[in-house]
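J.: Just dropping this structure here.
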Amino acid sequence: MSFADNIKAKIKDVDVEKQLTELVDEGEKLVNDAVTKAGDIAHDKRGDVEGWLDKATGAINEKTEGKYADKVTRVRDTLLGGLDKLAQRRTSDAADASDAGSTDPVPLPPAPPAAVKDPEAPDAPEDTTTGTGS
């Protein structure tokens, strides 16, 4: 028996091809499960994300005096489009449950208020007191 025949026999014994196929199938299943769960969250949190993007868009437009409004709006719309595509990958069970008023699986913090500083306003002095009353 030649060296090549020995290798072929060992490969058959170990059944590497079958193990690799099973590994790839398991990997695909895990990725699909992750994408489905991400789709569920994207669907459930779309309103929150849209609110955050609206506040960010408003803050950027105010800071730049609308100079980049068209680009900022395009980025916002692209992000929401991607979120919608991801939401389409959700499970049909989750789609039915969310339409029936299911509980929120992943609580997200509320969108922070847009902190826009007026460029005309003077800077507030820093508080350097320690509160010890000396």
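J.: Give the stretch 28-63 a look and list any residue that's more than 16 Å from Arg74 (Cα to Cα) and among the polar types (S, T, N, Q), or say none.
T.: Answer for the stretch 28-63, where residues must be more than 16 Å from Arg74 (Cα to Cα) and among the polar types (S, T, N, Q): Asn32, Thr36.
J.: Tell me which helices (runs of 4 or more DSSP H) are completely within the stretch 38-104 and hold 2 or more residues being at pLDDT below 95, touching a Pro at 6+ places or on another chain (Cβ under 7 Å) and surrounded by 15 or more Cβ atoms within 10 Å (Cβ to Cβ), or say none if there are none.
T.: none
The values are calculated or read from the model by the stated rules, or taken from the named source; none is laboratory data. Quantities reported herein were computed from a predicted structural model and do not represent experimental measurements. For neighbour counting, all protein chains shown are included, and Cβ atoms are generated from backbone atoms with ideal geometry for every residue, glycine included.
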